[in-house]
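Notes for the one structure printed next.
The values are calculated or read from the model by the stated rules, or taken from the named source; none is laboratory data. Bear in mind that the values here come from a model prediction, so they are computed numbers and not experimental data. Here the Cβ is made from the backbone with ideal geometry for all residues, glycine too, and neighbour counts use every protein chain on show. Just the protein is used for accessible areas: all its heavy atoms, side chains included, with ligands, DNA and RNA removed. Shrake-Rupley method; radii C 1.70, N 1.55, O 1.52, S 1.80 Å.
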Amino acid sequence: RSASVSWARNVYKRQAQEDEKRVTIMCRNQQQIFYLNEIWYLESSAHRTMIHTYENVQVCHDKISDMEERMGETFVRCHQSFLVNMKYIRRVEHDRFKLENGEEIPISKKRYMEARTRYFQYLEDAAS
């Protein structure tokens, strides 16, 4: 019984630490704080990066490659234009991630094996 209580405490503690991780990003000439937990994915288009959260989409001018370094290990670069929070991936299909909200994010042929491997490693780590 004490092992299961200890396990539950560790899971809760890990989740609390994940909930607290945040990043500051310049959006529309203002510094904005985003909790990594609230970001579903980042999308790069026309020299802008759109930050998709469960509430809205914020536009910033940082390069997605620069932001990738700051997002942490729960994010995977699956395409030149997309960086996805693995927490919100429901399943992997042949050439895309299907998110919990129904959105589909493409996986490029070039990044497929690495993205798939990282995602399954993420699931394995989350289960332990």
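Taking I105 as meeting all but one of (1) without any contact (Cβ under 8 Å) to a residue 60 or more places away in the chain; (2) within 16 Å of T53 (Cα to Cα); (3) surrounded by 15 or more Cβ atoms within 10 Å (Cβ to Cβ), write down the number of the exception.
Here I105 meets the rest and fails (1).
Against the definition (open to solvent by 30 Å² or more (accessible area, probe 1.4 Å), touching a Leu at 6+ places or on another chain (Cβ under 8 Å), closer than 24 Å to Y122 by Cα and modelled with pLDDT of 90 or more), how does E38 come out, yes or no? So that I can check it myself, show each step before the final result.
Working: open to solvent by 30 Å² or more (accessible area, probe 1.4 Å): yes; touching a Leu at 6+ places or on another chain (Cβ under 8 Å): no; closer than 24 Å to Y122 by Cα: yes; modelled with pLDDT of 90 or more: yes.
The answer is no for E38.
Mind listing just one residue for me: the one in region 64-102 that is among the β-branched types (V, I, T) and more than 26 Å from A46 (Cβ to Cβ) and, of those, surrounded by the most Cβ atoms within 10 Å (Cβ to Cβ)?
T74
Determine whether region 2-21 contains at least one residue that is modelled with pLDDT under 90, open to solvent by 30 Å² or more (accessible area, probe 1.4 Å) and farther than 20 Å from D125 by Cα.
yes
Looking for something part of a helix (DSSP H, G or I) and either within 15 Å of the chain's Cα centre (by Cα) or free of Cβ contacts under 8 Å to residues at least 24 places away in the same chain (or both) - is there at least one such residue anywhere in region 88-99?
Yes, that holds for at least one residue.
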